[in-house]
Amino acid sequence: MLPTNDDRYKMVEKTMKKLGYERSALIETLHTAQETFGYLEIDALKMIAKRLRLPYSKVYGVATFYHFFRLKPKGEHTVVVCTGTACYIKGANEILDKFEKKFGIKAGETTSDAFVSLLSARCVGSCSLAPVVIYDNKVAGKLTSQDALDKLEETLS
């Protein structure tokens, strides 16, 4: 039984059914839910946990661990600052601080006008380019904090 008559839940259910309701279907199911809803709604996470016979804490943990999953609707623009070891050592924390001050939000939040979502990622796998910022799915590396702000202005204009 689905939580509502919302057809979006049927799409998520279809993915789980195709994968035999196996616990290993979790990540693919989360991708389907995010594509369908635009983000991972709490009710969708609860439904996925129940249908895949997983603890809700496991489903929530996976959804919050990977940077490509969102628990809130994203903004018109998305900025992801890598905070992995190489990026952190080369100043990613300064870049993230400047972005947070500029927008008045913390990493993981979206501006009240839904214009920008600011995210941080544990690692984006581009350590040789550290520090790395992803602006609307475009990777920029070897940035100073001023370079990062300039690139941000360019992306948002």
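Each value in this text was obtained by applying a stated rule to the coordinates, not by laboratory testing. Everything quoted here is computed from the prediction, not taken from an experiment. A quick note on method: Cβ atoms are made from the backbone with ideal geometry, for glycine too, and the neighbour counts reach across all protein chains shown.
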Any cysteines in the chain with zero other Cys Cβ atoms under 4.7 Å from their Cβ? List them, or say none. Cys123, Cys127
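Could you line up Ser57, Ser126 from fewest to most neighbouring Cβ atoms inside 10 Å? Let's see the in-between values first.
Working: Ser57 9, Ser126 17.
Listed from fewest to most nearby Cβ atoms, that is Ser57, Ser126.
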Distance in Å, no decimals, from the C-alpha centre of the range 102-150 to the one of the range 41-91 is 16 Å
Least to most buried among Tyr88, Tyr56, Tyr9 (fewest other Cβ within 10 Å first): Tyr56, Tyr88, Tyr9
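Provide the percentage of antiparallel DSSP beta bridges, counting only those with both residues in the chain; round to the nearest 5. Let's see the in-between values first.
Working: 8 of 14 bridges.
The antiparallel proportion sits near 55 percent.
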Taking a cut-off of 18 Å between Cα atoms, list the lysines near Lys142, but don't count ones fewer than 8 places away on the same chain. Lys90, Lys98, Lys151
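Determine, for Cys123, Cys82, the number of other Cβ atoms within 10 Å of each Cβ, and report the residues in order from fewest to most.
Values: Cys123 15, Cys82 30.
The order, fewest Cβ neighbours first, is Cys123, Cys82.
Tally Lys and Arg at +1 and Asp and Glu at -1 over the other residues with C-beta under 13 Å from the C-beta of Gly75: what net charge comes out? Before the final figure, lay out each step's value.
Details: positive: Arg70, Lys72, Lys74; negative: Glu76, Glu109, Asp113, Asp136.
My count for the surroundings of Gly75 gives -1.
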Using a 7 Å offset from the Cα along the Cα-to-Cβ direction at both Thr111 and Lys14, what is the distance between the two label points in nm, to one decimal? 3.6 nm
Can you work out the FRET efficiency for the pair Asp43 and Lys142, with r the C-beta to C-beta distance and R0 = 41 Å, to the nearest 0.05? 0.45
Structure shown: which of Lys17/Lys138; Lys58/Lys101; Lys10/Lys50 lie over 26 Å apart, alpha-carbon to alpha-carbon? Lys17/Lys138; Lys58/Lys101
Here the net charge surrounding Lys90, from other residues whose Cβ is less than 15 Å away from its Cβ (Lys, Arg +1; Asp, Glu -1), is -1
